[in-house]
Amino acid sequence: MEYLLVITTTPNYRIAQKICKIILEKSLASCCQILGPMRSSFLWNKKIERAKEYLCFIKTTKRNYQQLETIIKDNHPYQIPEIVALKITTGLKEYLDWLNKPVF
């Protein structure tokens with residue numbers, strides 16, 4: 001089984017909470033954490049932009065990634081939302097087992 005930490009950012013807490021709620025209700029992740037607000041600086045249209053954002057950490061499996069990505073894109077206001085997945089290469093076996101079979 002391959003496990004992932006999916007990261008996305010949102011412009012406000014309400015959107016972060018909505019995305020996480022949908023993902024959890026569909027059992028596509030075992031855990032979503034929302035951090036923030038934080039300050040982001042990024043290049044957009046040849047300018048340096050700054051924004052207040054909320055960071056979401058979503059723990060899931062590779063088999064759920066495509067559906068999870070679609071949910072984020074469908075519920076996100078950004079033209080190109082940040083959606084990146086990092087492989088979880090090791091961890092507590094019981095925790096990884098829980099990621100594999102979330103209970104709702």
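The values are calculated or read from the model by the stated rules, or taken from the named source; none is laboratory data. Only a predicted model underlies this, so the values are computations on that prediction, with no experimental measurement involved. Glycine also receives a Cβ, built like all others from the backbone with ideal geometry; neighbour counts cover every protein chain displayed. The area values use the complete protein model at the heavy-atom level, side chains included, leaving out ligands, DNA and RNA. Shrake-Rupley method; radii C 1.70, N 1.55, O 1.52, S 1.80 Å.
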query: Among the residues of the range 4-26, which ones are closer than 22 Å to THR90 by Cα and either within 9 Å of the chain's Cα centre (by Cα) or of a type in the set (Ser, Thr, Tyr) (or both)?
result: LEU5, VAL6, ILE7, THR8
task: Hey, can you tell me all the residues within the range 87-104 that are at pLDDT 95 or above, surrounded by fewer than 16 Cβ atoms within 10 Å (Cβ to Cβ) and touching a strand residue (DSSP E or B) at 6+ places or on another chain (Cβ under 7 Å)?
output: LYS87
query: Of all residues in the range 34-52, which are assigned to a strand (DSSP E or B), without any contact (Cβ under 8 Å) to a residue 40 or more places away in the chain and surrounded by fewer than 12 Cβ atoms within 10 Å (Cβ to Cβ)?
result: MET38, ARG39, SER41, LEU43, TRP44, LYS47, ILE48, GLU49, ARG50
message: I need the full set of residues from the range 1-33 which are open to solvent by 50 Å² or more (accessible area, probe 1.4 Å) and assigned to a strand (DSSP E or B), in order please.
response: GLN33
query: Mind checking which residues of the range 32-69 are touching a Cys at 6+ places or on another chain (Cβ under 9 Å) and under 25 Å from ASP97 (Cβ atoms)?
result: CYS32, GLN33, ILE34, CYS56, PHE57, ILE58, LYS59, THR60
query: Which of the residues spanning the range 72-86 are crowded, with 16+ Cβ neighbours inside 10 Å and part of a helix (DSSP H, G or I)?
result: ILE72
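Kindly indicate whether LEU55 is more than 21 Å from THR90 (Cα to Cα), open to solvent by less than 90 Å² (accessible area, probe 1.4 Å) and either touching a Gly at 6+ places or on another chain (Cβ under 6 Å) or modelled with pLDDT under 95 (or both).
Yes: the conditions hold for LEU55.
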